[in-house]
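Enquirer: Sharing a structure with you now.
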Amino acid sequence: MLQIARSMSAIRTNAAAAMLGVSPNTLRAWERRFGYPAPERTEGGHRQFELSEIEALRSAFDQTGEVSSAIAIARERGTGPPSHHGLRSALSRFCAEKADLVLEESLSVRSLERTVESVLLPAVQSLGEDPRDPSAEYCFAWRYATGWLAAAQRVAPQATRQEGVLIFDATTPLALDALHVQALELFLRRASLRVLTLPVELQANRLRTALAALAPSAIVLAGSATTLDVIARLVYAARQSVGEADVLDYRGALPDTGASTVARLGATPTAALEGITARLAGARPDTPRIAIR
């Protein structure tokens, strides 16, 4: 299972129970009955509660003196900026409405880019398993995330820059990389760049009209679910049509051969966006490079 670093604000059962003035057994009973507070588990199976949830529940309990009402208030109110833990909790309960609320609250205090990178993607990753044998929770989370990103893309501002970026997408459904590619496309559009994402399954002779319309200044190879021969044919066809467009690797599309023709972008959408825009502006950051033949 994929793992992410746990929040520094996570606390164990005994500490959470002490904050609430109840026994650890009572806190575990609330978790079973109400699904709140919703702890994560360490590798050793120990519960870790998000401090913000415990603080919200304590405040609501002080006001109401009744646990079910306090939990309803704490869930609705929360405390502090929403975290990926809250979104993970909503997604693991298959609750799209609650997930929407968490992301809306995050957008009120964070940029869309920060919300995607610090809330949405980590929440899905924390539920992640091998895409060949995923859990129902991960499937729901992945499909929710791809729908949310698509909706955000539909309301992205119109491109005002002339540069175009062509993304060859070599990811598979339910892969976390697919969400990273979708997020990168969204960030590029919000940076006013013209963007076109095409699957690597596309035959090279079918690229002509797309390349004429976009005239890309950069070609991004994204994902790793294809062969080097397929990528080479697509890049060759693109360069035949538009000249020496910059070719960049995002999240391991190409194996590292030790040569120096294709630069690797950062592993996050924001880092990749910064690398692309720097290169379009004429800069050539000192980034690792790999060969494509």
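Enquirer: Could you tell me whether any residue of the stretch 156-176 is among the polar types (S, T, N, Q), surrounded by 17 or more Cβ atoms within 10 Å (Cβ to Cβ) and not assigned by TED's automatic domain parsing to the domain that holds Glu53? Please lay out each step first, then the result.
Expert: Residues of the stretch 156-176 that are among the polar types (S, T, N, Q), as a first pass: 158, 160, 162, 171-172.
From what is left, the residues that are surrounded by 17 or more Cβ atoms within 10 Å (Cβ to Cβ) are 171.
From what is left, the residues that are not assigned by TED's automatic domain parsing to the domain that holds Glu53 are 171.
The answer is yes, given that some residue of the stretch 156-176 is among the polar types (S, T, N, Q), surrounded by 17 or more Cβ atoms within 10 Å (Cβ to Cβ) and not assigned by TED's automatic domain parsing to the domain that holds Glu53.
Enquirer: Within the stretch 111-128, does at least one residue satisfy the condition of being touching a residue at least 24 places away in the same chain (Cβ under 8 Å) and over 25 Å from Phe140 (Cα atoms)? Give the derivation first.
Expert: Quick first cut of the stretch 111-128, residues touching a residue at least 24 places away in the same chain (Cβ under 8 Å) only: 112-113, 116-128.
With the extra rule that they be over 25 Å from Phe140 (Cα atoms), the set shrinks to none.
For the stretch 111-128, residues touching a residue at least 24 places away in the same chain (Cβ under 8 Å) and over 25 Å from Phe140 (Cα atoms): absent.
Enquirer: Which residues, counting only those in the stretch 267-283, are outside any loop (DSSP other than H, G, I, E, B) and not basic (Lys, Arg)? First the steps, then the outcome.
Expert: The initial filter retains those residues of the stretch 267-283 that are outside any loop (DSSP other than H, G, I, E, B), namely 269-280.
Listed by number, the residues that qualify are Pro269, Thr270, Ala271, Ala272, Leu273, Glu274, Gly275, Ile276, Thr277, Ala278, Leu280.
Enquirer: Tell me which of these Ala151 doesn't satisfy, since it passes every other one: (1) out of contact with any Leu (no Cβ under 6 Å at 6 or more places or on another chain); (2) within 17 Å of Arg190 (Cβ to Cβ); (3) of a type in the set (Gly, Ala, Ser); (4) surrounded by 17 or more Cβ atoms within 10 Å (Cβ to Cβ).
Expert: (4)
Enquirer: Residue by residue through the stretch 52-86, note down the ones that are part of a helix (DSSP H, G or I), over 13 Å from Pro37 (Cα atoms) and modelled with pLDDT of 85 or more.
Expert: Result: Ser69, single match.
Enquirer: Further question: How many residues, within the stretch 207-225, are within 25 Å of the chain's Cα centre (by Cα) and surrounded by fewer than 20 Cβ atoms within 10 Å (Cβ to Cβ)?
Expert: Count: 2.
Enquirer: Let me ask you something else. Which residues, taken from the stretch 226-244, are at pLDDT below 80 and either within 19 Å of Arg264 (Cβ to Cβ) or not assigned by TED's automatic domain parsing to the domain that holds Leu280 (or both)?
Expert: Within the stretch 226-244, just Glu244 meets the criteria.
The values are calculated or read from the model by the stated rules, or taken from the named source; none is laboratory data. Quick caveat, the model's predicted, so the values are computed rather than measured. Cβ atoms come from the backbone with ideal geometry, glycine included; neighbour counts cover every protein chain shown.
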